[in-house]
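Quick note: the coordinates plus some simple rules give every number you see, no bench work behind them. Since the model is a prediction, treat every value here as computed from it, not as a measurement. Virtual Cβ from ideal backbone geometry, glycine too; neighbours counted across all protein chains shown.
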């Protein structure tokens, strides 16, 4: 959108928050870049230029506005609705792959040369992988400076910087403030109309509290209701109005609590290693589908007169996703042809027998969900499953463990579907459920799901899977969101926030 100057100018002049994160406004006279909804007086149109990313603005020599804090805007939905190389690269950078493995590691995961990745990212985002990673490191550093008592040296390395000097220079260049000045400003009241991605530091030592922004509206009932109703004991729970779960992270593990609020999701993170902060935030945003564009989705679905009443009744439904694609694939197999309660029981047995124990002083979380490697060698006779389901599960974990099946952010959705369908016991329902919730495909569709068929018949839509698929063509590319609206017509606990 940043190439459509006239449309961008109108968005800035109307302070339209719907475009925060979609593009960034750089002001030539002040050398500052802002989000479109910045509360400051809009600059003259001739003094504005538009960029597709914060990294592009920083690369061009602009610094972040101190009022609207554009570096904390919700992420662009573009990169989570596409499966091409650029979108997959952005998702991997958001997961901190460049910080951990460098640009060669990023390129290797995608199957491209470093030169190709550089060229494609520059063409679409105005910045290469190093610049994008640098912008993300700066944002992480700011978060740690403002919300933790960590020393600056600890923050520098936790944010992914190679040296304290680079950390100091980057913070000064991006924010026009030293790290010490950023920390001093954190306690001051915010300017009217300004938005932030952080909250005051929590009292619990070692815990980070932050606000995860999103594009309104957001309907939390099916999102948090689904996560709470399907929670695996020991790994997940609903406690004190928040969904809590354990996280297996590159440098250690963590526990997160996520609670819906009117204008943000409150996130409390306890990490064994602060270097995992970027990765943990990325996973939480993906879990709750916070980078979605609900206005674009709902506009498309509302065009169907049979779906329009459902959208109007509760706009802004998100697709509940996952923090670990491999974990969800295992759980999808355990949930084949059984109730939600039975699937939770099967998963809980695996967790108790093969999960890594963790301490949770605040609640009832006890384990990390077992990795594919931990499950690859389990004795099939210990599984209280039909023989065919045991074969399906063991084949899946074997493929995940040896790397022949990849379901991470770097996955090509079409290729992953083909590999899943080639496994024994994987039909359309399991494959599309994994595509929707683990791979993140916004167009995944489950016409054979019993709940979808019941909802379709109640609305006057075709009940047969083939006919329903043909009718759903008008919902593309947002059929996964149509699934959420159809599921919500049922009284199942997944559609309601717990009391």
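Results, tabulated for the structure shown:
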{"read-out": "Centroid-to-centroid separation of segment 97-172 and segment 393-408 [C-alpha atoms, Å]", "value": "29 Å"}
{"read-out": "Computed label-point distance, nm, for sites residue 404 and residue 466 using a 7 Å Cα→Cβ extension", "value": "3.3 nm"}
{"read-out": "Cα-based Rg / Dmax (Å) for segment 454-495", "value": "10.5, 29"}
{"read-out": "Degrees, to the nearest 10: 164-175 long Cα axis against longest axis of the chain", "value": "80 degrees"}
{"read-out": "Nearest 10 degrees, 0 to 90: helix 450-459 Cα axis against the chain principal axis", "value": "80 degrees"}
{"read-out": "Rounded tilt (10° steps) of 114-125 against the dominant C-alpha axis of the chain", "value": "70 degrees"}
{"read-out": "Efficiency of FRET from Cβ geometry, residue 353 and residue 387, R₀ 25 Å, rounded to 0.05", "value": "0.85"}
{"read-out": "Estimated [θ] at 222 nm from DSSP helical runs (n ≥ 4, -39500 (n - 2.57)) normalised by residues in the chain, nearest 500", "value": "-13000 deg cm²/dmol"}
{"read-out": "Label point 7 Å beyond Cα of residue 1 along Cβ direction - residues of segment 293-326 with amide nitrogen under 12 Å", "value": "293-297"}
{"read-out": "Pairwise FRET efficiency - residue 474 versus residue 341, Cβ, R0 = 45 Å, nearest 0.05", "value": "0.80"}
{"read-out": "10 Å binning of all Cα-Cα separations within segment 5-72, expressed as whole percents from 0 upward", "value": "25, 65, 11"}
{"read-out": "Segment residue 492-residue 169, length gained on full extension (0.36 nm per residue, minus Cα span)", "value": "110.9 nm"}
{"read-out": "Whole-number D in µm²/s for the chain (Stokes-Einstein; Kirkwood sum over Cα pairs; 20 °C, 1.002 mPa s)", "value": "91 µm²/s"}
{"read-out": "Å³ per residue enclosed by the Cα convex hull of segment 343-499", "value": "151 Å³"}
{"read-out": "Rounded Å value of the spacing that divides the Cα centres of segment 426-499 and segment 31-77", "value": "38 Å"}
